[in-house]
Amino acid sequence: MNRRNLIKTLGISAVGLATVPFWIDSWTAEDLPEDDGFLTGNQQLQLSELVNIIIPKTNTPGAKELGVGKFISVMVRDCYNEEVKAEFLSGFGELNAFSEDFYGNSLIKLTEAERNDVLCTLESYETPPEKKINFVAFVKGLTIAGFMSSQYVMENHLNYELVPARFHGSFPVTQSIYTNV
Amino acid sequence: MANINAKAVVENTYDAIVIGSGISGGWAAKELTEKGIRTLVLERGRDVKHIVDYPTTNLNPWEMEHRGQLPHKVIKENPIVSKCYAFHEDAAHFFVKDKEHPYVQEKPFDWIKGYQVGGKSLLWARQVQRWSDFDFEGPVKDNFAVDWPIRYKDIAPWYSHVEKFAGISGNKDGLEELPDGEFLPPYELTKAELYFKDQVADKYEDRHVIVARCAHISKQQPIHAEQGRAQCQNRTICQRGCPYGGYFSSNSSTIPWAQKTGNMTLKPDSVVESLIYDEEKQKVTGVRVIDSITKEKTDYFARIVFVNASAINTNLILLNSKSERFPNGLGNDNGLLGKYVAFHNYRAKVRAEYNGLLDFTTDGKSPTSGYIPRFRNVRKQETDFLRGYASGLSANRSKVNNSEGIGTSLKENLLDLKLGPWRIGSHMMGETIPKESNFVSLDETKKDDWGIPLINISVDYDENDEKMIQDYFEQITEMFENAGFTNITTHDSKQAPGLDIHEMGGVRMGKDPETSLLNEWNQLHTCKNVFVTDGACMTSTGTQNPSLTYMALTARAVDFAVKEMEKGNL
């Protein structure tokens, strides 16, 4: 897929081209995934970008690099009921609509500060009684779950061991990877 | 009779048949085969071979498709087993799904089942506390059920026998109410558990906090090496099956041991329909088996039969074993078969926090935790309810998850690992009083996939249980307050009986054939070549996790049975 089609797929207007994030240029045809039976390739891309905003790459991998988008897709497909699934699927459109209202642009075209503001604002909204989920809070929760249970984070940040082979009941906090609150 | 001819009878004849390969059936198999008895072990579920049939055992969290969670569809299709604390993606394959073997709940009862070689011994919580005479003497002292036909001295050597082989970690605490055993080194309590232990010791003469004894090899002995079992590696994902054999299961221990003798024939996928009673010989001559897959019926014959099908299924098999002599189920002259079923009351929890000792946390993982042996009504009646409760006790540092923000700030918050206060948890393990009104029976119309009547379960809590919950809340709260714990909250899960997975009784032991089904050797009073040594035999429940007692009773009964066979009495 070329850049033009990709831009079209993502629903970015020509006007916004100047502010299209850098990553679009580095994409190739392989980047637009196959329909996975739950999310279309387009939705997968949007999800992938959303988790990237929630936990970005810094000097360590972010949620996108760690495949958290795929994880969320599988989790929502298999582990939630139909109502939640439907709200999840329609959530992307609603998120962009809100973003348009708020900052006059779809989320992907906002600056980092604006995006964070949109997501934090939406996250703080109480879930209305007729809804099962707050889309942003829901995706954020799954992003955190997927990120924290990823191999990279568990092995490099959480000192995860499958086989500890020991137990010390009185271990100094100073020697642990934790600090006190 | 099904498929019967002289040749088949010879081919299908053994010295002994054991029904069930779970924690007690495995012991029956081991003890019988070691004594040279040619033994057929029947297991209604599939074969599960140690290590090779533990498909999830070495999976890291990220290697599981749903990171441990089960799909919505599975949970929706399995409302009962989904309530079990261990029914997750990593071990769901070891649980019976709700529709695979339905039952009738006359009253709500969550029956958790594991049909496979090894049964629920793959999945158990591995807690092994001995009974004392305060437990065995309970019924006669407090005037409920019937008197146990045995006392602690009768079973003590068999506890030792079982503990040495299985590998039990524990501390010699010197408590009369929770006798010491043959222990491998204990696991450590956490700093806050130790603190609580000291606080309780300071303030109460008769209350003790100990490290719970557990069936883990904390230090390998030659007998464990001989079984091919190594030291526990503190993985605490035991429910998947342990590739080290670090905890005791039939699969890692008794079944391969029995296999090695050359005296065991193990037949998985074999559902026992009934025991065959010979009216002329006035004894059981064998069992009728339905192949769980082909549904073909085959009879197997033996001099003795051990029924270790798990408490409720043992009741079911005996109730379904009808003959002219026993029209109401095998050994059921007094009409008490299936009655006086009891369980453990696991409804109540107390939680708290502790803000001291914050320089300490834990490192690695413990396969056990703290334990408070029963202190209520032990030496004298102190309350307006009978009996009492033991309590699990754990204290670990809470991990503070700061999930504020979006973007780099969120990422920093998540990876800034913080410890909060110690989080204390206690859960009640209450003795329940067996009653005639708590029973299981055969459903008159509904049948399972093998044409066997469904079991109807009618078991409930009573006023004694409710009072005990209140007392547990009050006493544990007081003990927590005295230790300076804060944010103390009490929780009643209101869970139905069954979820404790400690269902017991229905084929109770006793001295008198008029009021019990089994004698002091776990023999049916009225059909002496049938032994029941699983949870069904329990006259009362105690407060201890019961598996150790089933194992010890089994080894003891096998010893007796083989001696009787040698004498020509069986």
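Out of curiosity, is A:Tyr103 within 30 Å of B:Ala395 (Cα to Cα), surrounded by 15 or more Cβ atoms within 10 Å (Cβ to Cβ) and more than 7 Å from every other protein chain (Cβ to nearest Cβ)? Against the criterion (within 30 Å of B:Ala395 (Cα to Cα), surrounded by 15 or more Cβ atoms within 10 Å (Cβ to Cβ) and more than 7 Å from every other protein chain (Cβ to nearest Cβ)), A:Tyr103 does not qualify. When B:Lys83, B:Lys49, B:Lys35 are screened for being more than 14 Å from chain A (Cβ to nearest Cβ), touching a residue at least 24 places away in the same chain (Cβ under 8 Å), among the basic types (Lys, Arg) and under 16 Å from B:Gly119 (Cα atoms), only B:Lys49 passes. The C-beta contact set for the range B:113-128 (first residue under 16 Å from B:Ile312 (Cβ atoms), second residue among the charged types (D, E, K, R), distance under 6 angstrom, 6+ apart or interchain) comprises B:Gly114/B:Lys120; B:Tyr115/B:Arg44. Within the range A:75-90, one or more residues are surrounded by fewer than 18 Cβ atoms within 10 Å (Cβ to Cβ), in a loop (DSSP other than H, G, I, E, B) and facing chain B (nearest Cβ under 9 Å). Quick check on my filter: what residues within the range B:506-521 are within 21 Å of the chain's Cα centre (by Cα) and either of a type in the set (Ser, Thr, Tyr) or not in a loop (DSSP other than H, G, I, E, B) (or both)? Residues satisfying the conditions are B:Gly506, B:Met509, B:Leu518.
This table checks each residue for (1) outside any loop (DSSP other than H, G, I, E, B); (2) aromatic (Phe, Trp, Tyr); (3) modelled with pLDDT under 95; (4) under 19 Å from the mean Cα position of the chain (by Cα).
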position	(1), (2), (3), (4)
B:Val10	yes, no, yes, no
B:Gly26	yes, no, no, yes
B:Leu40	yes, no, no, no
B:Leu59	no, no, no, no
B:Gly68	no, no, no, no
B:Lys76	yes, no, no, no
B:Ser82	yes, no, no, yes
B:Val96	no, no, no, yes
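Just one of the listed residues (B:Ala201, B:Ala215) is surrounded by fewer than 23 Cβ atoms within 10 Å (Cβ to Cβ) and at negative phi, namely B:Ala201.
Tell me, please, whether a residue that is over 13 Å from the mean Cα position of the chain (by Cα) and at the interface with chain B (Cβ under 7 Å from one of its Cβ atoms) can be found in the range A:120-132. So far as the range A:120-132 goes, yes, one or more of its residues are over 13 Å from the mean Cα position of the chain (by Cα) and at the interface with chain B (Cβ under 7 Å from one of its Cβ atoms).
Based on this model, can you work out whether B:Gly181 counts as at positive phi, more than 14 Å from chain A (Cβ to nearest Cβ) and in contact (Cβ under 8 Å) with a residue 12 or more places away in the chain? So B:Gly181 does not fit the description; no. Among the candidates A:Val153, A:Val136, the residue that is at the interface with another protein chain (Cβ under 9 Å from one of its Cβ atoms), touching a residue at least 40 places away in the same chain (Cβ under 8 Å), part of a helix (DSSP H, G or I) and more than 14 Å from the chain's Cα centre (by Cα) is uniquely A:Val153.
If you go through the range A:47-60 and pick out every residue that is free of Cβ contacts under 8 Å to residues at least 60 places away in the same chain and more than 10 Å from every other protein chain (Cβ to nearest Cβ), you end up with 3. Do you know which residues across the range B:405-414 are closer than 11 Å to A:Ile144 by Cβ, charged (D, E, K, R) and more than 8 Å from every other protein chain (Cβ to nearest Cβ)? None; the set is empty. Kindly provide the set of residues from the range B:548-570 that are outside any helix (DSSP H, G or I) and either of a type outside the set (D, E, K, R) or crowded, with 18+ Cβ neighbours inside 10 Å (or both), ordered by number. B:Gly568, B:Asn569, B:Leu570 - these are the residues of the range B:548-570 that are outside any helix (DSSP H, G or I) and either of a type outside the set (D, E, K, R) or crowded, with 18+ Cβ neighbours inside 10 Å (or both).
For the range A:156-181: of the residues being polar (S, T, N, Q) and assigned to a loop (DSSP other than H, G, I, E, B), which is farthest from the other protein chains (Cβ to nearest Cβ)? Looking at residues that are polar (S, T, N, Q) and assigned to a loop (DSSP other than H, G, I, E, B), I get A:Asn159. Regarding B:Ile150, is this residue within 14 Å of chain A (Cβ to nearest Cβ), in contact (Cβ under 8 Å) with a residue 40 or more places away in the chain and either buried (at least 24 other Cβ atoms within 10 Å of the Cβ) or not hydroxyl-bearing (Ser, Thr, Tyr) (or both)? Criteria not met by B:Ile150. Within the range A:40-66, the set of residues being in a loop (DSSP other than H, G, I, E, B), under 20 Å from B:Ser409 (Cα atoms) and not aliphatic (A, V, I, L, M) comprises A:Pro56, A:Lys57, A:Thr58, A:Asn59, A:Thr60, A:Pro61, A:Gly62, A:Lys64, A:Glu65. When each of B:Glu404, B:Glu353, B:Glu412 is tested for being more than 22 Å from the chain's Cα centre (by Cα) and farther than 30 Å from A:Thr111 by Cα, the lone residue that passes is B:Glu353. Just one of the listed residues (B:Leu358, B:Leu393, B:Leu417) is within 14 Å of chain A (Cβ to nearest Cβ), touching a His at 6+ places or on another chain (Cβ under 9 Å) and surrounded by 17 or more Cβ atoms within 10 Å (Cβ to Cβ), and it is B:Leu393. Taking the range B:1-54 as the range and being out of contact with any strand residue (DSSP E or B) (no Cβ under 8 Å at 6 or more places or on another chain), among the hydrophobic types (A, V, I, L, M, F, W, C) and within 29 Å of B:Leu553 (Cα to Cα) as the test, the residues that pass are B:Ile23, B:Trp27, B:Ile51. Among the residues here, B:Lys172 does not qualify as farther than 16 Å from B:Tyr371 by Cβ, surrounded by fewer than 19 Cβ atoms within 10 Å (Cβ to Cβ) and either at pLDDT 95 or above or among the hydroxyl-bearing types (Ser, Thr, Tyr) (or both).
Does any residue in the range B:231-256 that is within 17 Å of B:Gly20 (Cα to Cα) come within less than 7 Å, Cβ to Cβ, of a residue that is among the aromatic types (Phe, Trp, Tyr) and not in a loop (DSSP other than H, G, I, E, B) six or more places away or on a different chain, and which pairs are these? Every condition considered, the pairs that remain are B:Thr254/B:Trp27. The single condition among (1) within 14 Å of chain A (Cβ to nearest Cβ); (2) buried (at least 24 other Cβ atoms within 10 Å of the Cβ) that B:Leu42 does not satisfy is (1). Scanning for something closer than 20 Å to A:Lys109 by Cβ, touching a residue at least 40 places away in the same chain (Cβ under 8 Å) and more than 13 Å from chain B (Cβ to nearest Cβ), does the range A:61-73 turn up at least one residue? No, that holds for no residue.
The values are calculated or read from the model by the stated rules, or taken from the named source; none is laboratory data. Keep in mind that what you see is a predicted model, and the values were worked out from it rather than measured. All Cβ positions, glycine included, derive from the backbone under ideal geometry; neighbour counts span all protein chains shown.
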